[in-house]
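What follows is a short report on a single structure.
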Amino acid sequence: HELLSRVIGERVAMRLELQAGPAHIRADAGQLGQVLMNLVVNARDAMPDGGTIGVRTDNATIEAGGQSPMHEMPPGRYVILSVTDTGTGMDKATKERIFEPFFT
């Protein structure tokens, strides 16, 4: 939290909504930290006049044979990490290219 707060500066507030209790995940800590840092920096850049960045974790269970918005995920328990901001958002042209390699 301290590192992220230093990166976002004084004009941007950070709101954490983290699930209580331990959550065990299989992930590379360095890669997960880099993803979180990139999302927070992008959110900060979308709010040049200030705003709020939200970081939230949720627990989710995908049942066998059940309907899920994440159809490719096998059944099991998962942790969802969400990063939101109160920035200006993306225009339609940007949204259409967002997953292109090397597009910024």
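The values are calculated or read from the model by the stated rules, or taken from the named source; none is laboratory data. Since this is a predicted model, take the numbers as computed values, not measurements. Please note: Cβ atoms are built from the backbone with ideal geometry, for glycine as well, and neighbour counts cover all protein chains shown. In case anyone asks, the SASA skips ligands and DNA or RNA and just uses the protein heavy atoms, side chains included. Shrake-Rupley method; radii C 1.70, N 1.55, O 1.52, S 1.80 Å.
Taking amide H atoms as placed 1.01 Å from N in the peptide plane, list the residues 5 or more away in sequence, or in a different chain, whose amide H sits under 5 Å from that of residue 54.
Sorted by chain and number, the residues that satisfy this are 15, 84, 85.
Under 10 Å, Cα contacts only: if you run a Gaussian network model on the chain, which one of 88, 52, 61 comes out with the highest mean-square fluctuation?
For the chain, modelled as a Gaussian network with Cα springs under 10 Å, the answer is 61.
Quick one: among 28, 49, 91, which has the greatest mean-square fluctuation in a GNM of the chain with alpha-carbon springs under 10 angstrom?
Most flexible of the set in this elastic network: 91.
How much accessible area per residue does the chain have, counting only protein heavy atoms and a probe of 1.4 Å, in square angstrom?
79
Most fluctuating residue of 64, 20, 43 in a GNM of the chain with Cα springs under 10 Å: which is it?
Of the options given, 64 has the highest mean-square fluctuation.
Scan the chain for trypsin sites (Lys or Arg not before Pro) in coil per DSSP, keeping those whose Cβ has at most 11 other Cβ atoms within 10 Å, and list them by number.
11, 26
Give the residues of the range 15-43 whose amide nitrogen is closer than 14 Å to a point set 7 Å from the Cα of residue 97 in the direction of its Cβ.
No residues fall inside that zone.
Full extension from residue 19 to residue 84: what is 0.36 nm times the residue separation minus their Cα-Cα distance, to one decimal in nm?
Full extension from residue 19 to residue 84 adds 21.8 nm.
Taking Rg/Rh (Cα atoms, Kirkwood Rh) as the quantity of interest, determine which of (i) 1.06; (ii) 0.93; (iii) 1.01 was computed from the displayed structure.
Of the listed options (i) 1.06; (ii) 0.93; (iii) 1.01, (iii) comes from this structure.
What is the spin-label model distance, in nm, from residue 5 to residue 28 if the labels are put 7 Å beyond Cα along the C-beta direction?
So the label points at residue 5 and residue 28 sit 3.0 nm apart.
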